[in-house]
Every structure is written in C-alpha cells, then in structure tokens.
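Asks: Before anything else, here's the structure in question.
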Amino acid sequence: MNWMCISWQKSFRKLFYRYARGSFEETKAWLRKLIRRRVIQDEGEIFQYTHLIDTLGPKLNAFIKSTK
C-alpha cells in the first residue's frame, strides 16, 4: 500500500468525523425543536434523550480529538 493512499484515508476519516459532529449538532437542534413544540411531552422520554445527548457529545469530541 502506498503512502498517498494511507494519507488520503486519514484525511477522509477526519472529514467523516467532522460530518458526524455536524450531524450530532443537527440532532441536538431537532431535539430542542421537538421539545419546544411539545411533540415529545413525556418527561421521562425527554430526560432519556437529553441524558443521551449530554453523554455522547463529550465522547464524540474526545474521540475526534484523539484521532488528530
């Protein structure tokens, strides 16, 4: 395997991770809209989703930072 191919793969992965973070931010925005519009009203469900978002965000950022 040549070095250009490996380099391209690393840059492609970094780009993919940035897209993943953007998708995650979009998911957070939609969750806020759903709560504000009262599409999701169950307090237990809201807590479950917000807890998941609060847990995954820092993990995703730490993962992306560790790949630099």
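Asks: Keeping to the range 14-44, report how many residues are modelled with pLDDT of 95 or more, over 13 Å from the mean Cα position of the chain (by Cα), of a type in the set (Lys, Arg) and on the phi < 0 side of the Ramachandran plot.
Replies: Residues in the range 14-44 being modelled with pLDDT of 95 or more, over 13 Å from the mean Cα position of the chain (by Cα), of a type in the set (Lys, Arg) and on the phi < 0 side of the Ramachandran plot: 4 in total.
Asks: While we're looking at this one, here's another question. Looking at the range 45-68, I want the residues that are under 15 Å from ALA29 (Cα atoms) and have a partner that is assigned to a helix (DSSP H, G or I) and of a type in the set (D, E, K, R) with Cβ atoms under 7 Å, at least 6 apart or on another chain. Which pairs are those?
Replies: As it stands, the answer is ILE53/LYS28, since those pairs meet every condition given.
Asks: Scan (1) acidic (Asp, Glu); (2) surrounded by 11 or more Cβ atoms within 10 Å (Cβ to Cβ); (3) closer than 14 Å to GLY57 by Cα for the single condition GLU26 breaks and write down its number.
Replies: Against the list (1) acidic (Asp, Glu); (2) surrounded by 11 or more Cβ atoms within 10 Å (Cβ to Cβ); (3) closer than 14 Å to GLY57 by Cα, GLU26 comes up short only on (2).
The values are calculated or read from the model by the stated rules, or taken from the named source; none is laboratory data. What you are looking at is a predicted structure, and each value in this text was computed from that prediction instead of being measured. Glycine also receives a Cβ, built like all others from the backbone with ideal geometry; neighbour counts cover every protein chain displayed.
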